[in-house]
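> Input: one structure, supplied below.
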Amino acid sequence: QMRTTHKVSVWPVGLVGGRRYERPVVENGKVVGWYTGWRADRPFAIDMAGFAVSLQVILSHPKAVFKRRGSQPGMQESDFLKQITTVEELEPKANNCTKVLVWHTRTEKVNLANEPKYHLDTVNIEV
C-alpha cells in the first residue's frame, strides 16, 4: 500500500507505545485524531513505522530533516512531518487505518503498560 502514496500516507502500528496498537483516527477518509497510548497532543502522534513519504515530497523539501538530536523525546516524527505536510493532507491506508499491517518489534518482552483496561477505540482491530 505504500506504493500508492502520493505525498504522505499513514496506517496503524501494532505493539507500540505500551499498547496493542496505535493508529490514526479516520473519519470520511481524513485523519481527525490519534488513538495512542502516549502524548496524544503531539501534532503527529505516530510511530516511525506508521508512515511513508513520497520521494517527490522529499525532493521538494530539501531542507526537511529528521533530527537525531534536538527533538524532544517522542517528537522526532512530528518535527519531521511538520516540515513536509499537514494532518489534513495525510493519506490513510490499511482500510482507513482499521487494519494492523505493521508491527513495532524488538527483541524484548512486549510492554503493554499503556493498554486501557477496557476497549476505548471506536473500531475493533485484531492484533
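> Please give the calculated 222 nm ellipticity per residue for the chain, where each DSSP H segment of at least 4 residues contributes -39500 (n - 2.57) and the sum is spread over every residue; nearest 500 deg cm²/dmol?
For the chain, the value works out to -2500 deg cm²/dmol.
> Let me ask something else. Taking only protein heavy atoms and a 1.4 Å probe, what accessible area per residue, in Å², does the chain have with all protein chains in place?
For the chain, the solvent-accessible area averages 63 Å² per residue.
> In what sequence, largest accessible area first, do PHE51, PHE66 appear using a 1.4 Å probe?
Order by accessible area, largest first: PHE66, PHE51.
> Another one. For TRP103, which sequence-distant residues (separation of 5 or more, or a different chain) have an amide H within less than 5 Å of its own amide H, given hydrogens modelled in the peptide plane?
Amide H neighbours of TRP103: GLY14.
> Then there's this: Of the residues ARG69, ARG20, ARG42, which exhibits the maximal mean-square fluctuation in a Gaussian network model of the chain defined by a 10 Å Cα contact cut-off?
Judging by the Gaussian network model, the answer is ARG69.
> Still on this structure: Evaluate the relative contact order of region 1-126 (contact order divided by residue number), counting alpha-carbon pairs under 8 angstrom at least 6 apart; express in whole percent.
39
> Per residue of region 31-37, in order, report the coupling 6.51 cos²θ - 1.76 cosθ + 1.60 (Karplus, θ = phi - 60°) as ³J(HN,Hα) in whole Hz, putting x for Gly and Pro.
My calculation for region 31-37 gives 6, 10, x, 9, 9, 9, x Hz in order.
> Could you check how much of the accessible area of the chain is carbon and sulfur, as a whole percent, using a 1.4 Å probe?
Carbon and sulfur together cover 52 percent of it.
> Here's something else I'd like to know. Among the listed pairs LYS30/LYS82; LYS30/LYS109; LYS30/LYS117; LYS30/LYS99; LYS7/LYS63, which are separated by more than 26 Å between their Cα atoms?
LYS30/LYS109; LYS30/LYS117
> Could you give the size of the charge dipole of the chain about its Cα centre, using +1 on the Cβ of each K and R and -1 on the Cβ of each D and E, expressed in debye and rounded to the nearest 20?
I would put it at about 360 debye.
> Looking only at GLU89, GLU108, GLU77, which one moves most when the chain is put into a Gaussian network model with springs between Cα atoms under 10 Å?
Taking springs between Cα atoms under 10 Å, the residue moving most is GLU108.
> Roughly how much of ILE58 is accessible, in Å² to the nearest 10, using a 1.4 Å probe?
Spelled out: ILE58, probe radius 1.4 Å, area about 70 Å².
> Apply the a/c threshold of 1.5 to the C-alpha gyration tensor of region 1-112 and tell me whether it is rounded, prolate or oblate.
The shape class here is oblate.
The values are calculated or read from the model by the stated rules, or taken from the named source; none is laboratory data. Since the model is a prediction, treat every value here as computed from it, not as a measurement. Glycine gets a Cβ as well: all are built from the backbone with ideal geometry, and neighbour counts include every protein chain shown. Just so you know, the surface numbers come from the protein's heavy atoms only, side chains and all, with ligands and any DNA or RNA stripped out. Shrake-Rupley method; radii C 1.70, N 1.55, O 1.52, S 1.80 Å.
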